[in-house]
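A short reminder: the numbers here are calculations on the coordinates, not readings from a lab. Bear in mind that the values here come from a model prediction, so they are computed numbers and not experimental data. Neighbour counts run over all protein chains shown; Cβ positions are idealised from the backbone, glycine included.
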Amino acid sequence: MSWLRRLQGDSEPAAAPEPAPADDDDSPEVLSALLAEQVRRLNRSSGQLPAAAVVQARRLTDTLGEVVETSTVRPLDVYAVISVRSTLTDYLPTTVERYLAVPDDLRDRPRGGGSTPTQSLLEQLTDLQGSASSVLVAAREQDADALMTQGAFLRTKFSGSDLDL
């Protein structure tokens with residue numbers, strides 16, 4: 001529309017478009033609330049899950065919590081947010097719910113592939129943990145990279161220049 005104003009002789013510049021509102025569903029506070037809810041769900045189900053699965057699932061939630069905590073240093077990367085949110089709202093609860101849906105007497109019987117549902121549960125939790133650990137490493141490396149960049153900037157800014165006589 002600014003071209004129309006120029007044609008009409010209006011010298012007032014066009015207003016800048018407003019930035020898109022932040023998606024509050026991806027805030028660290030919301031992710032922390034989802035995490036707390038998932039921990040409560042795991043605690044409620046702990047009597048029906050193998051002890052090793054409870055330990056693995058809680059280790060996973062601890063790792064996801066560490067990813068969210070990196071937001072105190074810098075905003076979470078979009079991929080970290082997606083990974084944490086998806087794990088807490090889909091992957092982890094679906095894995096646990098599907099295991100709990102298996103009748104107790106079938107949980108330790110080998111299925112077609114030779115694995116038992118209990119073994120499958122533990123494998124899936126291990127895979128989720130591996131993914132969460134990778135996200136945590138990436139978030140921490142991003143912080144370390146930012147620190148190294150800041151250090152290079154400060155050295156350049158405050159050290160003698162090649163142009164000094």
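Expressed in nm to one decimal, what extension gain is obtained for the pair Q48 and D105 from 0.36 nm per residue of sequence separation less their Cα-Cα distance?
Extra length available between Q48 and D105 comes to 19.3 nm.
Separation between the S115 and R58 pseudo-spin-labels, each 7 Å from Cα along Cα→Cβ, expressed in nm?
2.4
Using only the alpha-carbon atoms, what does the range 24-142 span along each of its principal axes? Please give whole angstrom values in decreasing order.
The principal-axis extents, from largest down, are 48, 25, 20 Å.
Test of the criteria: in the range 81-111, which trypsin sites (Lys or Arg not before Pro) are in a DSSP loop and have at most 14 other Cβ atoms within 10 angstrom of their Cβ?
Sites meeting the loop and neighbour criteria: R111.
Using the alpha-carbon centroid of each, what span in Å lies between the range 89-115 and the range 26-51?
What the calculation gives is 19 Å, centre to centre.
Tally Lys/Arg at +1 and Asp/Glu at -1 over every other residue whose Cβ is under 13 Å from the Cβ of S115; what's the total?
+1
What's the magnitude of the charge dipole for the range 24-142 around its Cα centre, counting Lys and Arg as +1 and Asp and Glu as -1 at the beta-carbon? Answer in Debye, nearest 20.
Dipole magnitude for the range 24-142 comes out near 400 debye.
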